[in-house]
Amino acid sequence: MEQAGTPWRLVQITDPHLFGDPSRRLQGMDTRESFAAVSELVRAERSHIDLILGTGDIAQDGSEEAYQLFHDESFKLAPDMVWIPGNHDEAARMQALPFGEQCHRKIVDNEHWRIVLLDSSVPRNVHGFLEDAELEFLDEALETAGNRHILVALHHHPIPSGSAWLDNHILRNTEPFHRLISKHEEVRAVLWGHIHQHVDKVIDGVHYLATPSTCIQFAPNQFDFKLDDKPPGYRWLDLWPDGHIDTDISRVDVHIDVDLAGTGY
């Protein structure tokens, strides 16, 4: 059925794990090469993008060079970009960069939609947690959205992934998070990264969406760490004025070396 109006066109790019040193590899993968391949795919498939959402683990080494690379490439794809830190990121460094304040916005609005970006990172820890101040911010952002539909983005998964090792690193305080989400019927989607997998579920009318990494992929439904042979990818989202969402993922079709025997990273 044809939608009325024009959608807000977003692209989610997540977990590129970039290095400042171009010679470094993650599980045998050149993450700069894989990020470039995904960027080329975005450029080929999406003729117009309003906003890039970078949902964490931008850098593997926390280097300014890695953040600069992500920033520069994002602004070749779209006129605007926001990001949130993941567990591998240096959140304070991201915000202190010359362009950090603009990219670190926690609310992005248009006429019909509000995007709320949460920091679930915990310094020197892999799991996620939303501090009281972050939950208070979420509550206020949902309360003040007016008639806008809402998309909430964070790095860590707020629902179980089905893999025991990954679920050790889940958002630890999911109860207050879900309580706030369920309190506001304007919330249409919750979007995250971290698990390097595709998830698309509707729970109580809300889309719960996870997206492949632009580098290595994690095999689903595993007890211990295991890599998948699926290629890197990204997610596109069209947010329509009536609250409807069209979304899917897309993966590159070029081979990028990865050590599938890896046991952790």
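Values as computed for the structure displayed
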{"quantity": "Residue, nearest to LEU260 (Cα to Cα), within region 1-42, restricted to residues that are of a type in the set (Val, Ile, Thr) and surrounded by 17 or more Cβ atoms within 10 Å (Cβ to Cβ)", "calculated": "THR31"}
{"quantity": "Qualifying residue in region 245-265 (condition: in contact with a helix residue (DSSP H, G or I) (Cβ under 6 Å, 6 or more places away or on another chain), part of a loop (DSSP other than H, G, I, E, B) and closer than 19 Å to LEU191 by Cβ)", "calculated": "no"}
{"quantity": "Which listed residue is surrounded by 14 or more Cβ atoms within 10 Å (Cβ to Cβ) and either more than 19 Å from TRP113 (Cα to Cα) or in contact with a His (Cβ under 7 Å, 6 or more places away or on another chain) (or both), from VAL199, VAL187, VAL206", "calculated": "VAL199"}
{"quantity": "Single residue of region 213-265 satisfying the filter (in contact with a Gly (Cβ under 6 Å, 6 or more places away or on another chain) and among the charged types (D, E, K, R)) that is nearest to THR6 (Cα to Cα)", "calculated": "ARG251"}
{"quantity": "Residue satisfying all of: in region 93-133; closer than 24 Å to ILE245 by Cβ and touching a Ser or Thr at 6+ places or on another chain (Cβ under 8 Å); surrounded by the fewest Cβ atoms within 10 Å (Cβ to Cβ) among these", "calculated": "LEU130"}
{"quantity": "Yes/no for ALA141 being free of Cβ contacts under 8 Å to residues at least 40 places away in the same chain and either buried (at least 17 other Cβ atoms within 10 Å of the Cβ) or farther than 23 Å from GLY62 by Cα (or both)", "calculated": "yes"}
{"quantity": "Yes/no for LEU154 being within 16 Å of the chain's Cα centre (by Cα), more than 23 Å from GLY20 (Cα to Cα) and modelled with pLDDT of 95 or more", "calculated": "yes"}
{"quantity": "Residue within region 12-20 that is within 13 Å of TYR234 (Cα to Cα), among the charged types (D, E, K, R) and at pLDDT 95 or above present", "calculated": "yes"}
{"quantity": "Selected residue (criterion: surrounded by the fewest Cβ atoms within 10 Å (Cβ to Cβ)) from residues of region 50-83 that are in a strand (DSSP E or B) and touching a residue at least 60 places away in the same chain (Cβ under 8 Å)", "calculated": "LEU51"}
{"quantity": "Residue in region 81-88 that is in contact with a helix residue (DSSP H, G or I) (Cβ under 6 Å, 6 or more places away or on another chain) and modelled with pLDDT under 95 present", "calculated": "no"}
{"quantity": "From ARG251, ARG235, residue being among the basic types (Lys, Arg) and surrounded by 19 or more Cβ atoms within 10 Å (Cβ to Cβ)", "calculated": "ARG235"}
{"quantity": "THR55 vs. criteria among the β-branched types (Val, Ile, Thr) and over 17 Å from PRO85 (Cα atoms)", "calculated": "no"}
{"quantity": "Residue within region 217-229 that is closer than 19 Å to ILE58 by Cβ, in contact with a strand residue (DSSP E or B) (Cβ under 7 Å, 6 or more places away or on another chain), surrounded by 14 or more Cβ atoms within 10 Å (Cβ to Cβ) and not small (Gly, Ala, Ser) present", "calculated": "yes"}
{"quantity": "Residues (touching a residue at least 40 places away in the same chain (Cβ under 8 Å), of a type outside the set (A, V, I, L, M, F, W, C) and not in a loop (DSSP other than H, G, I, E, B)) located in region 203-220", "calculated": "HIS207, TYR208"}
{"quantity": "Qualifying residue in region 172-183 (condition: in contact with a Phe, Trp or Tyr (Cβ under 9 Å, 6 or more places away or on another chain) and modelled with pLDDT of 95 or more)", "calculated": "yes"}
{"quantity": "Hits in region 38-90 - residues which are hydroxyl-bearing (Ser, Thr, Tyr) and closer than 23 Å to SER120 by Cα", "calculated": "THR55, SER63, TYR67, SER74"}
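The values are calculated or read from the model by the stated rules, or taken from the named source; none is laboratory data. What you are looking at is a predicted structure, and each value in this text was computed from that prediction instead of being measured. Every residue, glycine as well, gets a Cβ built from its backbone with ideal geometry; the counts of neighbours run over all protein chains shown.
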